[in-house]
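In what follows, a structure is listed as structure tokens, so that the remarks can point back to it.
No lab work stands behind these numbers, since they all come straight from the coordinates. Computed from a predicted model, the values in this text were never measured in an experiment. Cβ placement follows ideal geometry from the backbone for every residue including glycine, while neighbour counts extend to all protein chains displayed.
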Ligand SMILES: C[S@@+](CC[C@H](N)C(=O)[O-])C[C@H]1O[C@@H](n2cnc3c(N)ncnc32)[C@H](O)[C@@H]1O
């Protein structure tokens, strides 16, 4: 049966279609706004933690796994090491003391200032695009959002040290974080990645649980080797008190597009 529409029916149809389009448009804008709001809220959380001194992850000694596995990064003279989401980690000082160069990125200006002041390093500050770059001899810390870094900034980097960066992020941002890392790192760049894994249902992050299967999926474009994995729950009172059954600490060696000899 052929169905014909009167002009008023047609007007009604097109009005309904326009309303539906407007509704979809408004809704998608709403979703984009919501995603943006969630990401922004996450960033504000970190800034607040720094302001309130709630930085339980910070240690005053270099990480023992960095000392144990630093050789896998095959650092040579003048090697520049990228330390994402660096906070005021003294692991950066460890690299400097071994005469390597460091490039860090950190959201909190307070953290960056504290790093230089507490370690008595004279520093300069320079605005560069979206970042304020704090520099001292052999170290530049880009103060701003990791996701604003580009391949040009990291062009001289040949190794990455990730302690407390990947596991600081919720699952959706971990995907974004590793995708961005793959875009900005030069080929043949080696990574030392330290992770935690525990039953996520028993306690909330951060730090978030990241197991070997997830590491392999996130870094599928990289050569990946687990160097070590052990249960260390007996040394983690916060997790023990929350009734967490196990807490695995793991170290991984990764390499982006390794040159084949
Ligand atoms: C758990 S802390 C780890 C700090 C450091 N890696 C360490 O081991 O001490 C995570 C850090 O990431 C920073 N951060 C979070 N999101 C960031 C982002 N999008 N860009 C840059 N830094 C970020 C936070 O301010 C915080 O200092």
Separation in nanometres of the label points that stand 7 Å from Cα toward Cβ, at residue 126 and residue 257: 2.7
Packing-based ranking, highest mean first, of 65-71, 80-86, 252-258 given that Cβ atoms within 10 Å are counted: 80-86, 252-258, 65-71
How much length, in nm to one decimal, is gained on full extension between residue 200 and residue 109, taken as 0.36 nm per residue of separation minus their Cα-Cα distance? 29.7 nm
Alpha-carbon centroids, the range 219-259 and the range 146-211: separation in whole Å: 13
Provide the packing ranking of 101-113, 221-233, 182-194, i.e. peptides ordered by the mean count of other C-beta atoms within 10 Å per residue, highest first. 101-113, 182-194, 221-233
With the Cα gyration tensor of the range 64-256 in hand, give its eigenvalues times 5 under a square root as the equivalent ellipsoid semi-axes, listed largest first in whole angstrom. 27, 19, 17
Three-way shape call for the range 154-195 based on the alpha-carbon gyration tensor, with the a/c threshold at 1.5: oblate
Write down, largest first, the equivalent ellipsoid semi-axes of the range 91-144 in whole Å, where each equals the square root of 5 times an eigenvalue of the alpha-carbon gyration tensor. 18, 12, 10
Computed lengthening from residue 223 to residue 47, 0.36 nm per intervening residue step minus Cα-Cα distance: 60.0 nm
Along its principal axes, what span do the Cα atoms of the range 72-116 show, with the longest given first and each in whole Å? 31, 17, 15
If each residue's Cβ is checked for other Cβ atoms within 10 Å, how do 55, 141 rank with the fewest at the top? 55, 141
